[in-house]
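Derivation of every value follows stated rules applied to the coordinates shown; laboratory data play no part. Keep in mind that this is a model prediction, so the values were computed, not measured. Cβ coordinates were reconstructed from backbone atoms using ideal geometry, including for glycine residues, and neighbour counts include every protein chain displayed.
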Amino acid sequence: MIGLALDTSGPVGSVAVVDVVDAAGRVARVLAARTIEDGMRRGVELFPAIESALAEAGVRARDLGLVAVGIGPGSYTGLRVGITAARAIAYASGAELLGIPSCDALAEAAPAGGGHLAVVVDARVRAVYVAVYGTAAEPTPRWERSLGPEILPPAEAAARIPEDALVVGDALAAYGASFGA
């Protein structure tokens, strides 16, 4: 099945056309990808990025079987733009629509192993979104969310993170001292 994945929840947006291999949405390979780096211009640049990625992959919108979209937490305006675009494309193409928490997508990109993972995202209001994951071993090692996402001041978020956790996310750049970075 061919899928379109997009995320506009953060300061950088992304679009990808992917070959999806199972009902859980596992990606076999990325056929084309675009990054939208111009902040709040993603509303203007989103559809050209989608069109360009579809063209590069040789896929028409009506060929899509799945449209996946990041549902936050993140920028309210960015989320509205991305979710509305995903809903419109899924409706027009007859594709299944799947919302994916953005913290879960970041966790999926981290190597699963023992211990814990914490995803911390800058909420841009002197606070961070934090989600904590533990390792689930069945059927293959993967991260399973045990806390959040929730919005907290950086020091409070850091206090909720287990000591053995690998910490990832853009909040480290702004609040690294709170997270021991």
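Observations on the model:
- The relative contact order of the chain comes to 16 percent, based on Cα pairs under 8 Å that sit 6 or more residues apart.
- Spin-label model distance (nm) - ALA137 vs GLU37, 7 Å beyond Cα toward Cβ: 4.2 nm
- Rh by Kirkwood over Cα pairs, then Stokes-Einstein D for the chain at 1.306 mPa s and 10 °C, µm²/s: 93 µm²/s
- The alpha carbon gyration tensor of the range 32-113 gives principal lengths a ≥ b ≥ c with a/c below 1.5, which makes the shape rounded.
- Residue-wise HN-Hα coupling along the range 161-174, computed from phi with Karplus coefficients 6.51, -1.76, 1.60 (Hz; x: Gly, Pro): 8, x, 4, 7, 6, 7, 10, 10, x, 6, 5, 4, 5, 8
- Near GLY10, once Lys and Arg are set to +1 and Asp and Glu to -1 for all other residues with Cβ below 9 Å from its Cβ, the sum equals -3.
- Close amide-amide hydrogen proximity is noted between LEU147 and VAL132, each under 5 Å apart and 5 or more residues distant or on a separate chain (H modeled in the peptide plane; Pro and chain starts excluded).
- Between the Cα long axis of helix 76-93 and the first principal axis of the chain there is an angle of about 30°, rounded to the nearest 10.
- Which of ALA165, GLY70, TYR133, positive extreme of dipole for the range 66-181 (C-beta unit charges): GLY70
- Total charge dipole magnitude, the chain, about the Cα centre, Cβ charges on Lys, Arg, Asp, Glu only, Debye to nearest 20: 420 debye
- Degrees, to the nearest 10: 42-57 long Cα axis against longest axis of the chain: 60 degrees
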